[in-house]
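The values are calculated or read from the model by the stated rules, or taken from the named source; none is laboratory data. Worth saying up front: this structure is predicted, and the values here are computed from it rather than measured. When we count neighbours, we look across all protein chains shown, and the Cβ atoms used for this are built from the backbone with ideal geometry, even at glycine. Ligands, DNA and RNA are stripped out before the accessible areas are found, and what is left, the full protein with its side chains, is counted by its heavy atoms. Shrake-Rupley method; radii C 1.70, N 1.55, O 1.52, S 1.80 Å.
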Amino acid sequence: MSTLDARSARRRYLALTALRWLPVGFLMPIFVLIPLSRGLSLTEIGFVFAAQGLVVLALELPTGGLSDALGRRPLLLLASVVAIVSMSLFTIADSAPLFVAAMVLQGIYRALDSGPLEAWFVDATLAADPNAEIEHGLGRGTAVLSVAIAVGALASGGLVALHPIAGDPLILPLLVALGVHALHLAAVAVLMIEPPRPRHPEAIAASVRAVPGVIREGLGLLRSSRVLLGLVLVEAFWGFSMPAFESLFPIRLSELVGGTDPAAAIMGPVGSAAWFASAAGAAGIVVASRRIGVARSAALLRIVQGATVVAMGLIAGPVGVVVAYLASYTAHGASNPMHTTLLHRQVAGSYRTTVLSMNSMVSQPAGALGTITLAALADGTSVGSAMVVGGIICALAAPLYVPAWRQERERRAAAEADQAAVAA
């Protein structure tokens, strides 16, 4: 990693980010529709996807601590292998137990994958330039992530609409996603450079033994910082509400257009447009946040996103629902770099992945709870009602940014006082 300058680190980070998220684009229009088309009920689908969050809850901190102790690259290599196995099983699953098994593996993958690439990029950038403004790189990363998902979703919808091979029209995007996962595995092996680490068994065992200490000190940071605690709680609210605009939207759209196959074909271009909107939001918010501050921008965006999800649940026509969906993803893309920038401001490099893992650890089980609760609510009442509840929960997270806003205001005041003293 010491051989990389800040620009080279950023290029590699963006390339790896694109390959990491392109498969998500291929899966996004069809991931919920596949179990639905194979006979699972909404409640069963809720429990299937909740399995991922529960696994992440168990593994997020250990894998984050292992990344800080052992290295980012080995964790990402292992994550890519697990992703390939998970998607292979999801491709052939035809019952709830098989889908659950696939999502358990997906949870292991998400726990391993959560944080190491971003932590590697931040550490590499700050090592090359301690004064670098990491929010610019993180904002570009979110924009690239969004474009990759957009391109994948558009291609996925096209494959479903064209149906170039015999059989289930939803299966080909899954196979393409598998191929991209394999390409990502090769790219991590080639592009991700870290300082040499001892590989003999004693050194590896020492790194593993260091994990509990890294976790304890990371949790100590959470207990001692109201700002960090508030940020992690924001992630809990957001995680609970996420199924409302991710998992329930394709089902809501299928209600309005008359079935899963036409919904899958429409979800391709709609999902692609949503992630292009997300990329635009991520690119534009960095400029806007310079005027009103990162913390205030993050809080406003949670309110805006919550309002758009409520609108998706209340609007009766497909066009209006799609417009609200696009607005939701614009706010979604803009909020991510603001939230992660606030997180990175609170922690030093040695605990960076652990803190990111704590953030993700909260969002995943919250998402599992949200998936079960909102899916059951949709089964018992309506999909629209469940979306309204999810949107309200999302907006309720905004006040939790107040400690970060106060800290940001104090830092600005101190910087202005220093500049005034120098000028005098």
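Would you mind working out the accessible area per residue for the chain, using a 1.4 Å probe, and quoting it in Å²?
Working: 16550 Å² over 424 residues.
For the chain, the per-residue accessible area is 39 Å².
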* What's the carbon and sulfur percent of the chain's accessible surface, probe 1.4 angstrom, rounded to a whole number? -> 68 percent
* Under a 1.4 angstrom probe, counting protein chains only, how are Met242, Met387 ranked by accessible area, largest first? -> Met242, Met387
* Go ahead and set up a Gaussian network model of the chain, Cα springs under 10 Å, then flag whichever of Asp123, Asp379, Asp113 fluctuates most. => Asp379
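Mind ranking Glu408, Glu246, Glu416 by accessible surface for me, highest first, 1.4 Å probe?
Listed by decreasing accessible area, they come as Glu416, Glu246, Glu408.
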* Structure fact -> Rounded to the nearest 10 Å², the accessible area of Leu22 using a 1.4 Å probe with every protein chain kept is 40 Å²
* **Surface accessible to a 1.4 Å probe, Ile392 within the full protein complex, Å²** => 90 Å²
* For the chain, find the longest principal axis of its Cα atoms and tell me its angle to the long axis of helix 171-191, 0 to 90°, nearest 10. => 20 degrees
* Structure fact -> Residue span Thr381 to Val323: 0.36 nm per residue of separation minus Cα-Cα distance leaves a gain in nm of 18.5 nm
* Structure fact -> Comparing Ala395, Ala316, Ala282 in a Gaussian network model of the chain (Cα, 10 Å), the one with the largest mean-square fluctuation is Ala316
* Note down the accessible area of Met28, probe 1.4 Å, to the nearest 10 Å². => 40 Å²
* In a Gaussian network model over the chain where Cα atoms closer than 10 Å are linked, find which of Pro399, Pro195, Pro23 has the largest mean-square fluctuation. => Pro195
* With each pseudo-label sitting 7 Å past Cα toward Cβ, what's the Arg11-Leu183 distance in nm, one decimal? -> 1.9 nm
* Structure fact -> Applying the gyration tensor rule to the Cα atoms of region 276-356 (axes a ≥ b ≥ c; rounded if a/c under 1.5, else prolate if a/b exceeds b/c, else oblate), the class is prolate
* To do: Rounded to the nearest 10 degrees, what's the angle between the helix 260-292 long axis and the longest principal axis of the chain, both from Cα atoms, 0 to 90?
  => 20 degrees
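Test of understanding: what is the full-extension gain from Arg411 to Thr43, defined as 0.36 nm times their sequence separation minus their Cα-Cα distance?
127.7 nm
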* Which value in Å is the Kirkwood Rh of the chain over different Cα pairs? -> 21.8 Å
* Structure fact -> Between the Cα axis of helix 294-314 and the main Cα principal axis of the chain, the angle (0 to 90°, nearest 10) is 10 degrees
